[in-house]
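Accompanying notes for the structure given below.
The values are calculated or read from the model by the stated rules, or taken from the named source; none is laboratory data. Note that this is a predicted model, so its numbers are computed, not measured. Positions of Cβ are backbone-derived with ideal geometry, glycine not excepted, and every protein chain shown enters the neighbour counts. Side chains are part of the model used for accessible areas, which takes the heavy atoms of the whole protein and leaves out ligands, DNA and RNA. Shrake-Rupley method; radii C 1.70, N 1.55, O 1.52, S 1.80 Å.
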Amino acid sequence: GGCWHQCCPGRNNACWAPGARRARCYCDSYCERTGDCCEDYHAVCRRAAVGCAVGPWGPWSGCSSPCGVGSKARSRQVTVPPRHGGEPCPDLKQRRGCLGEHPTCGMAK
């Protein structure tokens with residue numbers, strides 16, 4: 001069995017071929033983590049693999065709460081999508097806590 005017919009990015013249980021002893025071998029990039037790649041996976045799929053590339057992080061948003069505990073977020077864009085089983089994209093969004101301290105907060109007591 002072999003991957004000459006297909007190579008898939010990420011985890012894809014439908015991306016397999018019949019392997020040795022009637023067992024399935026896989027042609028998705030996740031097979032490298034699970035160790036069940038077809039024998040020709042590296043020769044066929046990794047040769048053409050293109051890993052994900054992302055741009056820089058954007059600025060943090062303002063705090064979601066003007067007074068008290070809230071959260072901020074920022075994001076980045078994919079500049080080159082992964083192809084042929086290349087490295088998947090890292091997180092595109094981040095969140096963190098913040099404390100809103102608008103000048104009017106103390107007046108609402």
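At-a-glance table
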read-out: Assigned charges on the beta-carbon of Lys, Arg, Asp, Glu; the chain dipole about Cα centre (debye); value: 280 debye
read-out: Around ARG74: net Lys/Arg minus Asp/Glu count, Cβ-Cβ under 15 Å; value: +4
read-out: FRET efficiency for ASP36 and THR104, using Cβ-Cβ distance with R0 set to 41 Å, rounded to 0.05; value: 0.10
read-out: Cut-off 13 Å between beta-carbons: net charge of the residues surrounding CYS63, Lys and Arg +1, Asp and Glu -1; value: +3
read-out: Identified option (computed percent of Cα pairs over 23 Å apart; candidates [x] 48; [y] 51; [z] 37); value: [y]
read-out: Average accessible area per residue (Å²) across the chain - probe 1.4 Å, nucleic acids and ligands excluded; value: 69 Å²
read-out: The chain, accessible surface, carbon-and-sulfur percent (1.4 angstrom probe); value: 53 percent
read-out: Structure-based [θ]222 nm, the chain - -39500 (n - 2.57) summed over DSSP H runs of at least 4, per residue, nearest 500; value: -1000 deg cm²/dmol
read-out: Simple spin-label estimate for ASN13 and ARG74 in nanometres, 7 Å along Cα-Cβ; value: 3.8 nm
